[in-house]
Each structure stands twice: as C-alpha cells, then as structure tokens.
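Where a number appears in this text, it was derived from the coordinates with a stated rule and is not lab data. Just so we're clear, the structure is a prediction, and the values are computed from it rather than from any experiment. Cβ placement follows ideal geometry from the backbone for every residue including glycine, while neighbour counts extend to all protein chains displayed.
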Amino acid sequence: MSELGERPGYFGEFGGRFVAETLMPALIELTDALDTIVNVEPFQREWRELLRHYVGRPTPLWRAERLADALDPARRHLGELWLKREDLCHTGAHKINNALGQVLLAKKLGKTRIIAETGAGQHGVATATAAAVMGLPCEVYMGEVDIARQAPNVSRMKMLGATVTPALSGSRTLKDAMNEALRDWVTNVRTTHYCVGSAAGPHPYPTLVAELQRVIGDEARAQWLESAGGLPDAVVACVGGGSNAIGMFRAFIPDDVALFGVEAAGEGVETGRHAATLTEGRVGVLHGARTLVLSDDDGQILEAHSVSAGLDYPGVGPEHAALMRSGRARYLTASDDEALAAAHQVARTEGILVALETAHAFARLADIAREESRRLARPARIALCLSGRGDKDLSTIEERSK
Amino acid sequence: MTVARIDATFAACRAEGRPALIAYLTTGDPSLEDSLACARALLAAGADMLELGVPFSDPSADGPVIAAASARAIRAGGSLTAALGLAKRLRSESNAPLVLFTYLNPVLAFGQERLPQALLDAGVDALLVVDLPAEEGAELRAALAAVEVAVIPLVAPTTSEAREPSVVLGARGFIYYVSATGVTGLGDAPLGAAAERARAIAARAKLPVVVGFGVDTPDKARALAAARVDGVVVGSAIVGTIAAAPDLASRIAAVRSLVASLASAMK
Ligand SMILES: Cc1ncc(COP(=O)(O)O)c(C=O)c1O
C-alpha cells in the first residue's frame, strides 16, 4: 500500500472511516482482505487473467499527432501527446478494472449479492457486467436525474440483469445514489458487497480502488518507456471521485513527473454551479471519508453540477486531497462548454468519441503544455488518461450543440 | 451537571422499576418553533430524556421518515446552531437530559474547538455522532470528556463480542444498542434478541444500555420494559407523527398521546 500518512487508512489528514458502527466490521473485514486476499498471488493471477482475456488489457497507448497539431500548430509547447486508451476496455471505461476486482473479492469473501452506485452509468454497467460474468445478483442505485441523462447505460445495465433503483432524494445525482447504496449496505451488510465506484468512501475503498486502477498507470508507464523512451513530463486525468486519475498517478508518484487532475467547473466556478471539489471545497466528512467537500457554513453538502454525470460529485477521494495539500499534484478545472468543445475537437482530429468526463482533461491540455514547456524550456511530453468512450453522451452532446 | 444529569435520570427510572423513555425529534421539522413546542409536549407526556436531531443533507444511516424530516428541517433553517438554541430554551425550563444527535459534517463545519463550550452553554449533556466510530475522533472525545459531556457509543448487531469492549471503552452516561441491522425506522427489528444483547452489554460495561431503532408502538415498548432494558429510544414513530399532523395544535396533541401511551406501557 502507498498511503502517505502513518495512520492506516489516512493520506495525511484525509481518509479514515466515518460510518455507522453497523458497517465497521464489514470495513475491517474488507481491509484485512487487502492483505490476505487481494495482494496475494491466486487473486492477482485470476484478476489479471480477467483483465487480459475479458477486458482486453493492456489497452493501447496512442500517439495523438493530429490533436497535438490542432492544439499547438507550431508545436512549441506540446512535444508529444499519448493517450492511454481506457475507452477500449470492455464496457467502455476504466471502471471495469475496479468492478471485476471487487466482485471477484466479494465472491472470495462469500458475499452473495452486489450493490453499486453510479453517476454516468459507466460504473453501474461495469459492476453489472462483473456480477453477470461471475454469477451474482446486482442492484445499482442511480440518481433520477442521471437515469434521464444516461439512458443508454440504464438499458445496458438492465440487459445485463441488474436492477436499477432510482435515488429520489436531494439532487437526485451521484451523491444521493451513494446515500441509497449505503442505506442498502447497512441493511444487508452480512450478505452484500458494496462495490464502490471511485477511489472515495471509507477506508479501505480509496486504497482498494487505487490499487485496482493503478494497472492503468503501470501499463502506461511501461508502454511510454518502450514507445517514447524516457518518461513523460506530465500526466493528466479528469477527476470525479478520482479513480482513473489516481490509477494513472500512482505509477508516476515516485518519478519526476508532473501530475494534473482536471475537475468540472460546470457553468463556471464563480457561478456556484460546479463540481470543483478540490478547488473550492472545505475539509469535511462525506460518505465515510474525511476529505474536501462542497459544503455550506452549517455543514450541509451542496449540490454539484456538471454536464458530465460522472464528475457531478461534491466530494473527492481523500488521496487527491492529500496530493493537492502536499503540492505533489495540481488540480485545474474545465467548464461544461470547454469540455464539450474539447469532445468535438478530439472526435474530428483523432476519430475518438470521448466521454464528457474525459473531455474535461482534454480541455486543459493546451494550458498544461504551455505551462510545462515554460518550466522545462522545451516542448512538453504529456500522457493523458482517456478514461472512457462517449457513446453514452451522444444525446447530451447533440442537445448542447443545438 | 451534564453526565451527572444522565446518571441521575437512569437512577430515578431504575428506582421506579422502569426503563427510561428517550424521545427523538429532528430539530427544525417542520419549523424550529414547532420543534420547541413538540419537545415540551414530549417531556410533559412522560419522556425522560430528549434526543435533539441535527438535520443533515445526506443522512445515509437514516430511513425515509427521518431523511425526509431532515430535508424539511434544513429548508426551515434547521442546523447545529439552531439545535443548540433550542436546547438552551429547553434547559431554561427543564432538567431532563438533552442529547444532541448528529452526523459529523455539521460538527466539523461548526468547529470542533468551539463545540464543547457551546454544548455546555446550551445545557446539552451528551453528543451522539452517527458516523463517528470508536476508532475516529480522538480529539473531539478528549475535548468533550474535559467538560463532562458524554459521547454516546453505538453498538450494532454486527459488532462482535470481541470488538465490543473497544467500542464502549471510556463510555459515560449510557450506551446505545442499535436493535436492527439497518437504517432508522425499521418496523421489524428483532427486539427480543436486542433486549438480551443490551442486558449483556450493560452487565459487561457497567453502564445503562438503551435500545433504539424500530420501537414504534406501546406494545414493543412494553415488551422491552418486561425484558428489563435500561432505556428505550423512540424516533421515527415520533417524527412520523409530527409529519402526519396538519398543524401545530394537532402535532402537539398527537405526540402527547403517543408518548403518554409509550410511557404508561413501560410502567
Ligand atoms: C469515463 C469516465 N471517466 C471518469 C469518470 C470519473 O470517475 P473517476 O474520477 O473515479 O475516474 C467517470 C465516472 O463515471 C467516467 O465514466
């Protein structure tokens, strides 16, 4: 494990386990399972087999020359741009790496039922898929608003045999789906595994999910060394709860590589209608972790807003809060409009429809390249985590392009 | 006073040969003035102790009844600060123990440094934080211990006997046994088993243990009293009664009659 803090489950001052006592024994069991099950050979072999033959890993690292030309025609700032193609994973996003790992673990723990929360639906589809291939029943909680804007994924989950249960409270988005999943888990904790979809929530989830997602960064690092020689100057990923970003970052944390996360600025950070938790949040506790959260003076959680359902979360994984505090990683924001423009640009230059979540990372690429090239005094070489494909977002994109 | 006020209440109930009746309401639902009036009615009708719920936007351990009350209360200006104000007014007219019931985020926003003195000023005797398990919150616990305000631990059906001592370590006032694996407001909690476990915990920890979650009728309260538990918490039934009544007068009448029938069932 690579927790930064000394206390288990803590990254500096962030992390911990803030849940009802009813759930504590299950979290302790899961934490023990990290050492006794997940990080031992038989599990790793089985999971890696699934990643290879079922998910299609390793995913390619694609050199995006036409996009680099479009972003920086003179190529003074952007030397090389390589995309880690998580969109080519089975089910279309990085979420499957985590879902297969957790459902496999749940089976080993003797759990007979899987629950999950989902925003964009990608994690719901991934969990429903993992549950189907491993023969476990699956219930997915999804905010009513997200059910409406991510209809293709709702259909996919249902076809995969999962029950999709709408979360009707609060903002009816990802955070409310997480509340409903926690309520279900408190009630059915003896039989049910809660497959958390991001590197967020109570310990051990941020560590478990990061360990399962670091396959992204490990592969990207090895592929980059092989194809590009040396290491990238900077690594970029979008941040919702932070799982694709931490999966990418973890492999590069020990290196002299700049790390950039991009959050959703929604309609603009200054409008209050955004999901820029690291940029605008305060220290608080949400969904079991001490982290940065969007919260008012009374401690009520604020609603987050983003065109992308997968970034629309008022909390963030605790390891990102710690990476920001320590200065090891930097976090920027991109607005709805910037993300939409970036999605169009990537499609036209590279022939790839990216998820709107990922489009936020693309939207800041030119700025990051400019800044890094100034620091390095040469064009920067950048690796970006292309976390998922955009088919699910076509109706939103069409709607917004009118 | 503080913890001593709680100890005295359990001693008095024990002397009468009955469990303490602990009534919960969400402060600010449907308004802070209504909550004050309802709290007075709960005490007048026979509640020995009050749990004042701080509304929270994301009450992930609560069932639909209390979650909805929380949402209404926030719209009506409910908050930790408002709950403290309510406690202060109750304290000026009653000596009944007051327990503040909250999630952690409102505490963090209020400020952990300023909370102990604020609880003292408001006359609150104990704090119960749903999402603060034994392993967390050492600083807050120490600060509250210093001012004799109890932090109430929760023991759940999933808590093993091996884990139990660490959960109740250093507890004062009382221990809360959650009768069912689930969120608040369940109607089918296994109360017989709960009473048995509660008595066992009380014997081991040498502290009163109250049973809560799922007590919603006088019959259930009577059964728990017959099983000689130290206290019974009634939450969702009261909150639901407040929500169902159309105006303040009927709200007061309804909670009065519910609590009076609960109290007499436990005699
Ligand atoms: C394609 C894609 N990228 C990114 C995210 C954001 O999640 P995380 O920050 O955990 O990677 C999501 C979430 O649904 C997603 O579907």
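Annotations for the structure displayed:
- Treating r as the C-beta distance of A:Ser326 and B:Glu196 and R0 as 51 Å, the FRET efficiency rounds to 0.55.
- Cα centroid of the range A:245-290 to Cα centroid of the range B:85-125, whole Å: 34
- Ordering of A:236-246, B:32-42, B:135-145 by burial proxy (mean other Cβ atoms within 10 Å per residue, highest first): A:236-246, B:32-42, B:135-145
- From the C-alpha gyration tensor of the range A:276-402, square roots of 5λ in Å: 27, 22, 11
- Here the label points at B:Arg89 and A:Glu49, each 7 Å from Cα along the C-beta direction, are separated by 6.7 nm in the simple model.
- Angle in degrees between helix A:95-108 and the longest Cα principal axis of chain A, rounded to the nearest 10: 30
- Considering only beta bridges that DSSP places wholly inside the protein assembly as shown, some 20 percent are antiparallel.
- Taking Cα atoms only, the orientation of helix A:336-350 departs from the longest principal axis of chain A by about 70 degrees.
- Cα centroid separation, the range A:189-222 to the range B:43-77: 34 Å.
- Separation in nanometres of the label points that stand 7 Å from Cα toward Cβ, at A:Leu225 and A:Glu41: 2.3
- 10 Å Cβ neighbours from other chains, averaged over peptide A:281-293: 3
- Proximal charge balance of A:Gly299 [Cβ under 11 Å; K/R count +1, D/E count -1]: -3
- Entries in A:Lys108/A:Lys175; B:Lys88/B:Lys267; A:Lys175/B:Lys88; A:Lys175/B:Lys220 that, when Cα-Cα distance is taken, lie over 32 Å: A:Lys175/B:Lys88; A:Lys175/B:Lys220
- Size descriptors for the protein assembly as shown (Cα atoms only): Rg and Dmax, in that order, 26.1, 88 Å.
- Taking a span of 15 Å or more along the helix axis (Cα atoms) and a mean Kyte-Doolittle hydropathy of at least -1.0 as the rule, the DSSP H helices of chain B that qualify are B:3-15, B:32-44, B:64-75, B:80-91, B:191-205, B:248-265.
- Scoring B:182-193, B:43-54 by mean Cβ neighbours within 10 Å over their residues and listing the highest first yields B:43-54, B:182-193.
- Mean per-residue shielding of peptide B:128-134 is 6, counting Cβ atoms of other chains within 10 Å of each Cβ.
- Taking Lys and Arg as +1 and Asp and Glu as -1, the other residues whose beta-carbon sits under 15 Å from that of B:Phe213 total -2.
- Remark: mean inter-chain Cβ contacts per residue of A:180-186 equal 5, using a 10 Å Cβ-Cβ cutoff to other protein chain atoms.
- Label point at A:Asp69 placed 7 Å out along Cα→Cβ; residues across the range A:339-353 whose backbone nitrogen lies under 12 Å: A:349-350
- Residue among A:Ser306, A:Ser198, A:Ser155 with the largest mean-square fluctuation in a Gaussian network model of chain A, springs linking Cα atoms under 10 Å: A:Ser155
- Virtual paramagnetic centre 7 Å along Cα→Cβ of A:Thr191, amide N under 16 Å, in the range A:136-180: A:136-140, A:163
- Gain upon complete extension [B:Asp121, B:Ala260; 0.36 nm per residue less C-alpha separation]: 47.0 nm
- Estimated 222 nm signal from helices in the protein assembly as shown, with DSSP H stretches of n ≥ 4 weighted -39500 (n - 2.57), rounded to 500: -13500 deg cm²/dmol
- Going from the residue with the fewest nearby Cβ atoms within 10 Å to the one with the most, A:Arg52, A:Arg325 rank A:Arg52, A:Arg325.
- Potential lengthening between A:Arg378 and A:Thr271 on full extension [0.36 nm per residue; Cα-Cα distance subtracted]: 34.9 nm
- In terms of packing, defined here as the mean over residues of other Cβ atoms within 10 angstrom, the peptides A:227-233, B:173-179, A:307-313 line up highest first as A:307-313, B:173-179, A:227-233.
- Volume per residue that the Cα convex hull of the range A:234-305 spans, once the total is divided by residue count, Å³: 103
- Placing R0 at 51 angstrom, the Cβ-Cβ distance between B:Ala44 and A:Thr349 gives a FRET efficiency of 0.10 after rounding to 0.05.
- The label-point distance for A:Ala148 and A:Arg282, in a model that sets each label 7 Å from Cα toward Cβ, rounds to 3.1 nm.
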